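To start, the structure under review is shown below, and the notes come after it.
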Amino acid sequence: MSIAFKPEETFRGDYSYRNSDAAVLRFPFPFPEDRYMYSVNIEPHVRSGPSDVFLRPFDVDEHYIAECRDKAITLERDPGRCQVLPHMMMAQWDTLELLMENLSADYPEQFSLIKEGDDFGSRWTWINRPLGIEQSFIFGNAETLPCEPFEYITRQAQGDFAICDQRDDNLFMDAGMVTSQADWSLEFDVGMSFMEWHGPVPLAHQTGVFERALKYLLMLRLGQPVRRLNWTMSINPRLDTSPESYPEWGPDRASVTPDNAGQKVHLRVELQTLWRLPRSNAILFPIRCYLASLEDLARVPKWGARLHRVLSSLPPQLVEYKGLTRYLPAALEWLAQHDDGRELPVGTEPGITTLGPR
Amino acid sequence: MLHSDIKSRPTYTQLEPDLSGSQHLLIVEGDTVLPGRLDSLAGTFAPVEENLHTWLVGTQAGGLGLGKVWRLPGVADVVDAFACATRGYGIGDRLYVQGTEPFLWSVAKAAAIIGFSAEQIHLHHAGSLRRRVWCTHCHTVTEDVTTSIASCAGCHRHLLVRDHFSRRLGAFMGVMVDAEAPGEVPAVEESFA
């Protein structure tokens with residue numbers, strides 16, 4: 001499968017990031033109904049679903065090269081975005097193996113992995129054609145890579161990655177590569193238990209959602225990954241909306257008007273997957289971020305109308321927690337023109353196969 | 001007693017000796033001892049007094065004897081004492097700490113480095129509610145914060161003190177309060193006196 005990469009696009013400065021028509025149509029739109037419903041919505045991460053992003057376990061799209069470059073810029077400015085506690089080396093190799101095997105199997109035009117054996121001590125060669133990388137190394141020997149294995153492979157993947165160590169019937173966030181996060185700090189959260197890092201989330205604690213989710217995840221099985229979608233909104237197509245850089249992007253929230261909301265306001269959807277790792281028994285938690293402007297989304301009539309209804313029904317605590325307070329009214333005003341009140345079919349599919357002109 | 005619905009903040013309990021331990025170390029921030037309170041601690045720890053060391057830290061820690069007593073000028077000396085510990089602490093040791101939250105976590109972190117597990121450490125919050133605040137932007141720690149918004153000791157931004165706590169840093173998160181509209185700083189309230 002060939003992918004028409006857009007290596008020059010940017011996620012900062014002039015924000016030249018754009019979605020092609022195909023990228024809009026495969027956007028993982030997260031709202032199946034008109035009203036906002038909070039749910040854990042975990043399901044098996046199988047190779048199918050209402051959007052093409054579910055077809056492969058680790059989705060690579062037209063933004064791959066540009067996203068890897070943006071990640072490198074963020075890491076250059078703030079190396080603390082990648083942190084691994086010392087006891088996590090086994091989980092680092094587990095992650096490298098999982099990503100290299102899946103990417104090379106699903107995208108043979110772009111990635112190759114040549115293994116002289118499966119076990120530690122074997123020589124492996126990794127070829128990443130979009131990024132122009134060819135690397136031979138000894139699987140299990142970190143000295144033979146330019147940096148530690150977790151950082152090495154996650155620099156070459158879209159999205160963020162956390163690794164949760166499992167002990168004492170709990171999960172601890174003991175490693176992370178976090179450069180495109182929705183306003184949480186790895187430096188602050190690293191080492192935290194499951195309940196601790198979810199501490200700031202409103203409403204859900206009272207209903208026992210996190211206890212149930214933790215119980216479920218502790219039993220996650222090898223070879224049976226699961227997924228869920230999460231969402232928030234961002235002004236401009238910016239990947240690095242970290243608390244660290246909030247002074248840089250915070251003012252953008254005050255720049256939204258009903259006239260420019262269509263271009264400035266982006267729905268930010270995270271495809272979160274969870275993977276049991278084979279040797280370490282840790283859980284890998286990739287968080288893959290997709291961005292689409294309100295203008296992009298409104299080209300799919302069902303999505304424009306639905307987004308207007310969902311955003312109109314958000315509980316105020318959630319509006320505050322997601323940081324929407326300042327610009328939500330302008331976004332709703334812009335979206336209102338795309339909602340004629342007609343009945344919309346349940347489900348997240350776009351319902352069309354081609355987009356009208358912009 | 002500190003009650004809180006902050007999910008990331010630990011629950012602090014009253015101190016009492018864990019009789020499964022063989023050696024007991026009680027570290028008390030002197031400023032947090034109310035009149036008469038040391039007597040009551042002495043009573044509580046009487047069953048293990050034979051194997052009890054007490055470190056009284058800071059000023060006005062009273063004249064009570066709880067096992068073998070040391071006096072240390074400040075929390076930095078506690079951290080140093082742990083860092084230089086030549087006696088190996090082992091699984092029979094129990095550590096009890098009383099003080100303000102920054103004190104508790106400075107001691108707990110230093111103890112963890114020399115091998116104390118979480119189960120061996122008992123923390124009791126007493127005294128001021130003042131917070132240690134970690135700046136998400138420049139990562140500087142600001143001590144003794146008692147207000148809802150504080151000026152960062154490092155970058156001088158106005159930080160909103162969020163109810164999100166990191167045990168590793170022993171600190172609450174501070175986030176620039178006027179990032180979206182520079183200069184719009186809400187009224188500062190005395191919240192953690």
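The values are calculated or read from the model by the stated rules, or taken from the named source; none is laboratory data. These numbers were taken from a predicted model, which means no experiment stands behind them. Note: ideal-geometry Cβ built from the backbone for every residue, glycine included; neighbour counts use all protein chains shown. Quick note on the areas: whole protein, heavy atoms, side chains included, nothing else; ligands and nucleic acids left out. Shrake-Rupley method; radii C 1.70, N 1.55, O 1.52, S 1.80 Å.
Looking only at B:Phe103, B:Phe172, B:Phe82, which one moves most when chain B is put into a Gaussian network model with springs between Cα atoms under 10 Å?
Comparing B:Phe103, B:Phe172, B:Phe82 in a Gaussian network model of chain B, the most mobile one is B:Phe82.
What is the angle, in °, between the Cα long axis of helix B:101-113 and the longest principal axis of the Cα atoms in chain B? Nearest 10 is fine, range 0 to 90.
Compared with the principal axis, the helix lies near 60 degrees.
What base-10 log of the normalised intensity I(q)/I(0) is obtained for region B:131-176 from the Debye formula, alpha carbons as equal point scatterers, at q = 0.15, 0.27, 0.32, 0.33 Å⁻¹?
The Debye formula, applied to the Cα set alone, gives -0.26, -0.89, -1.28, -1.37.
Can you work out the Karplus-derived ³J(HN,Hα) for every residue in region A:41-56? Use 6.51 cos²θ - 1.76 cosθ + 1.60 with θ = phi - 60°, whole Hz, and x for glycine or proline.
In residue order, the calculated couplings are 6, 7, 9, x, 8, 9, 7, 7, x, x, 10, 5, 5, 8, 5, 10 Hz.
What net charge do the residues around A:Leu222 carry, taking every other residue with its C-beta under 13 Å from that of A:Leu222, with Lys and Arg at +1 and Asp and Glu at -1? Please report the intermediate quantities before stating the final value.
On the way: positive: A:Arg221, A:Arg276, A:Arg279; negative: A:Asp94, A:Glu97.
Here the count lands on +1.
How many angstrom separate the Cα center of region A:209-278 from the Cα center of region A:28-89?
8 Å
Over the Cα atoms of region A:42-95, compute the convex hull volume and normalise it per residue, giving Å³.
143 Å³
Run lengths n ≥ 4 of DSSP H only: what is the helix-derived mean residue ellipticity at 222 nm for the protein assembly as shown, with -39500 (n - 2.57) per run over all residues, to the nearest 500?
Value at 222 nm, helices only, nearest 500: -6500 deg cm²/dmol.
With θ taken as phi - 60° and the coefficients 6.51, -1.76 and 1.60, list the Karplus ³J(HN,Hα) couplings across region A:116-121 in order, rounded to whole Hz; mark glycine and proline as x.
With the stated coefficients, region A:116-121 comes to 8, x, 8, 9, 3, x Hz.
Explain nothing, just compute: Karplus ³J(HN,Hα) = 6.51 cos²θ - 1.76 cosθ + 1.60, θ = phi - 60°, for every residue of region A:271-279 in order, whole Hz, x for Gly and Pro.
For region A:271-279, the Karplus-derived couplings read 8, 9, 10, 9, 10, 6, 9, x, 8 Hz, x marking Gly and Pro.
Considering all alpha-carbon pairs of the protein assembly as shown, what whole percent are spaced by more than 34 angstrom?
Percentage above 34 Å: 46.
Springs between alpha-carbon atoms under 10 Å, Gaussian network over chain B: tell me which of B:Ala181, B:Ala111, B:Ala46 tops the mean-square fluctuations.
Result for chain B, Cα springs under 10 Å: B:Ala181 fluctuates most.
Report for chain B the percent antiparallel among DSSP-assigned beta bridges with both residues inside it, nearest 5. Kindly include the intermediate steps, with their values, before the conclusion.
Numbers: 12 of 37 bridges.
Beta bridges within chain B, antiparallel portion: roughly 30 percent.
For chain B, set up a Gaussian network in which alpha carbons nearer than 10 Å are linked by springs, and say which option among B:His53, B:His125, B:His164 fluctuates the most.
B:His164
Over all directions, how big on average is the projection of the convex hull of the alpha-carbon atoms in chain B, in square nanometres? Spell out each step's value before the answer.
On the way: hull surface 46.2 nm².
Projected area, direction-averaged: 11.5 nm².
Considering all alpha-carbon pairs of region A:83-190, what whole percent are spaced by more than 21 angstrom?
That fraction is 38 percent.
Interface B/A, total buried accessible area with a 1.4 Å probe, nearest 100 Å²?
Summing both chains' loss of accessible area gives about 2000 Å².
How long are the three semi-axes of the equivalent ellipsoid for region A:21-336, computed from the Cα gyration tensor as the root of 5 times each eigenvalue, in whole Å, largest first? Kindly include the intermediate steps, with their values, before the conclusion.
Values: eigenvalues 219, 97, 71 Å².
After scaling each eigenvalue by five and taking roots: 33, 22, 19 Å.
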